[in-house]
Amino acid sequence: MNGARRLWALGEPFHALTYFADEARVAFRDAGLHGFWAGYFAGRAAPLGPVGPQLVTATFASFAPAFVARRVPEVWTTTPPEAALAARLAGVDAAVQRALP
C-alpha cells in the first residue's frame with residue numbers, strides 16, 4: 001500500500017465520525033443545523049468562512065452545483081461558521097471518546 005493510501009486508510013475513520021456519528025448529528029442540530037446535509041456542508045465548509053455555493057462546489061469537487069446551492073448559503077443564516085466549526089469539533093470529540101474510551 002502506498003503512503004497516500006495508507007494515510008487515507010488511517011485518517012478516514014476519524015473523518016467519517018466527523019459527519020456520520022450520532023454525536024456529530026446531535027452537535028450540528030444543537031447548533032441550529034437541521035438535517036444531515038445542512039450539518040455536513042456547514043461543518044465541512046466552516047473553515048472557509050460564510051462562503052457561497054460556488055466555492056463549496058469547487059472545493060468539495062464531488063457534488064452537483066444545484067445540490068450544494070440548495071443548502072449553501074442558507075446554512076449561514078441559522079449558524080455562523082464559527083458555531084458550525086465548534087459543533088463539528090464537539091461532535092467528533094464526543095464520537096472519538098465513545099469509540100476509544
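The values are calculated or read from the model by the stated rules, or taken from the named source; none is laboratory data. Fair warning: this is a prediction, and the values are worked out from it, not measured in the lab. We work out accessible area using only protein heavy atoms, side chains counted, and drop any ligands, DNA or RNA first. Shrake-Rupley method; radii C 1.70, N 1.55, O 1.52, S 1.80 Å.
Probe radius 1.4 Å, ligands and nucleic acids ignored: give me the carbon and sulfur share of the accessible area of the chain as a rounded percent.
About 63 percent, which is the carbon plus sulfur part of the accessible surface.
Would you compute, from DSSP H runs of 4+ residues alone, the mean residue ellipticity of the chain at 222 nm, taking -39500 (n - 2.57) per run and dividing by the full residue count, rounded to the nearest 500? Write down the numbers at each step before the final one.
Values: 7 runs with 73 residues, N = 101.
After summing the helix terms and dividing by residue count, I get -21500 deg cm²/dmol.
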> Accessible area per residue, 1.4 Å probe, Å², for the chain: what's the number?
Replying inline: 59
> Any idea what the relative contact order of the chain is, in percent, if you count C-alpha pairs under 8 Å spaced at least 6 apart?
Replying inline: 41
> What base-10 log of the normalised intensity I(q)/I(0) is obtained for the chain from the Debye formula, alpha carbons as equal point scatterers, at q = 0.14, 0.24 Å⁻¹?
Replying inline: -0.53, -1.18
> How many angstrom lie between the C-alpha centres of segment 33-61 and segment 1-15?
Replying inline: 23
>> If DNA, RNA and ligands are ignored and the probe is 1.4 Å, what is the ranking of LEU33, LEU17, LEU85, LEU55 by accessible area, most exposed first?
In response: LEU55, LEU85, LEU17, LEU33
